[in-house]
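Presented below is the structure to which this report refers.
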Amino acid sequence: MDTRVTVSGNTDLASSSPLAGFDGGCQFIVEASACDAHALRDAETIESICQKLINDLCLQVVGQPQRHVFPDPGGVTLLYLLRESHLACHTYPEFGFVTFNLYSCLPKPDWPWQTQLQRRLNAGDVRVRKIHRTRPNGQDAETATGWGAGQ
């Protein structure tokens, strides 16, 4: 059964719609390079970064996080299902590289990605892109801060 709501033209969603207060949320796409390879292989280190992020932004984890540790020289993949949406992290120790993707359907403040990743992973370069997602009724255009130094 298809339960999607389709709105055509400039018609607004009715105020009684369950989507009436939904603003589309935000997505953080983060890449850090020149990281310490040993730290990127350590699942507990990566989990501690994710847990700090979850605690600082008051995110709510649903169920147990999924974790996979790849054989050397591979890294770690973590996936958290959130009440607000999801958090994913993938490390590539052989390249000194890590990615994070956080999507929340609720507005969230910026997080000090650069400070945290430099402190915990000795990251040389941190790039953060924050995307404000489009509302389902199309009123708000997608905006992005673009790639830049981490907050």
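Where a number appears in this text, it was derived from the coordinates with a stated rule and is not lab data. Quick caveat: nothing in here was measured; it's all calculated off a predicted structure. Heads up, the Cβs are rebuilt from the backbone with ideal geometry, glycines too, and the neighbour counts pull from every protein chain shown.
A simple rule links phi to the HN-Hα coupling: the Karplus curve 6.51 cos²θ - 1.76 cosθ + 1.60 with θ = phi - 60°, which for region 98-111 gives 9, 10, 10, 9, 10, 10, 10, 6, 10, x, 9, x, 5, 10 Hz, with x for Gly and Pro.
Between VAL69 and ASP110, the contour length at 0.36 nm per residue exceeds the alpha carbon distance by 11.9 nm.
Rounded to the nearest 20, the Cβ-based charge dipole of region 26-149 about its Cα centre (Lys and Arg +1, Asp and Glu -1) stands at 340 debye. The chymotrypsin sites (Phe, Trp or Tyr not before Pro) of region 45-122 include none that meets both conditions, a loop assignment by DSSP and at most 15 other Cβ atoms within 10 Å of the site Cβ.
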